[in-house]
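No lab work stands behind these numbers, since they all come straight from the coordinates. The structure presented is a predicted model; accordingly, all values stated were derived computationally and were not measured. So basically every Cβ, Gly included, is an ideal-geometry build from the backbone, and we count neighbours across all protein chains shown.
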Amino acid sequence: MARNERRGPRLDQPLERGRSLRPTVDSETAGRVSERVARFLGSWRFLGYMTFAVFSWLLWNIFAPADLRIDAFPFLFLTLALSLQASYAAPLILLAQNRQADRDRVQFQEDRDRTERLLADSDYLTREIASLRLALGEVVTRDYLRGEIRDLLEEFKDIQGVDKKDEPET
C-alpha cells in the first residue's frame, strides 16, 4: 500500500461531490486492527489479565472497607464492564474471521488455478511423450539394427558355408 493512501484521498480517483455524514474508514486498516485485537483476545495473556482483573475486583469489593468499595455485592458495574467488553469483542472477532475467510477463498482459487495449469501441463507432456513413442517406433533403434546385422551375418555365413561345400576341393 502506498504512503499517499494513508495521508489522504488518492489523486487518481475523482472526489465525490458534496459532504457525506458517513465517516470514511480504511477497511484494510480496520481489518488489521480487528485481527490484532482478536488475536490478543484469544491469547493466554488476555485470559490471565482478565482473571487477575476480575479476582482483584471481587477481592477489593468484598474485603475492602465499606466506604472504599466501588461495587456492592451483586457486582453490577463488573457485569456491565464485562458485557461491554464482550459486546466489542464479538464483532471484532467476526471481522477477523471474515478477513481470514476472504484470504482462504483467494488462496483456494489460486490453488485451483495452479492445479488446472499443472493438469494442462501434464496432459501436454503426456501427448508429447506419446507422439515421441510413436515416432520412435518408426525409427530404427540401435538394438534393432544390431539384431538385423547379426541375422544378415548368419545368413552370409550359411551362404558361404554352402558355397564352400559345393566347390570341389583341389
**Message:** Could you give each residue of segment 65-82 its phi-based ³J(HN,Hα) in whole Hz, using Karplus coefficients 6.51, -1.76, 1.60 with θ = phi - 60°, and x for Gly or Pro?
**Reply:** x, 4, 6, 9, 6, 8, 10, 6, 3, x, 6, 5, 5, 5, 4, 5, 5, 5
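How about segment 8-89: which trypsin sites (Lys or Arg not before Pro) there are in a DSSP loop, with at most 12 other Cβ atoms within 10 Å of their Cβ? Intermediate values should be presented prior to the final figure.
On the way: sites: ARG10, ARG17, ARG19, ARG32, ARG36, ARG39, ARG45, ARG69; in loops: ARG10, ARG17, ARG19, ARG69.
Counting only loop positions with at most 12 other Cβ atoms within 10 Å, the trypsin sites (Lys or Arg not before Pro) in segment 8-89 are ARG10, ARG17, ARG19.
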**Prompt:** Which whole-Hz ³J(HN,Hα) couplings does segment 124-133 yield from phi under the Karplus relation 6.51 cos²θ - 1.76 cosθ + 1.60, θ = phi - 60°, glycine and proline marked x?
**Reply:** 4, 5, 5, 5, 5, 5, 5, 5, 5, 5
**Asked** Top mean-square fluctuation among VAL54, VAL33, VAL139, Gaussian network model of the chain, C-alpha springs under 10 Å?
**Response** VAL139
**Prompt:** Pairing the Cα long axis of helix 27-41 with the longest principal axis of the chain, what angle in degrees results, from 0 to 90 and rounded to the nearest 10?
**Reply:** 80 degrees
**Request:** Consider the candidate values (1) 1.17; (2) 1.01; (3) 2.73; state which one is Cα Rg over 2.2 N^0.38 Å computed from the structure displayed.
**Result:** (3)
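List the longest stretch of the chain that has no exposed loop site; here a site is one of the GluC sites (Glu not before Pro) assigned by DSSP to anything other than H, G, I, E or B, with at most 15 other Cβ within 10 Å. List each step's numbers first, then the result.
Details: sites that count: GLU16, GLU169.
It runs 17-168.
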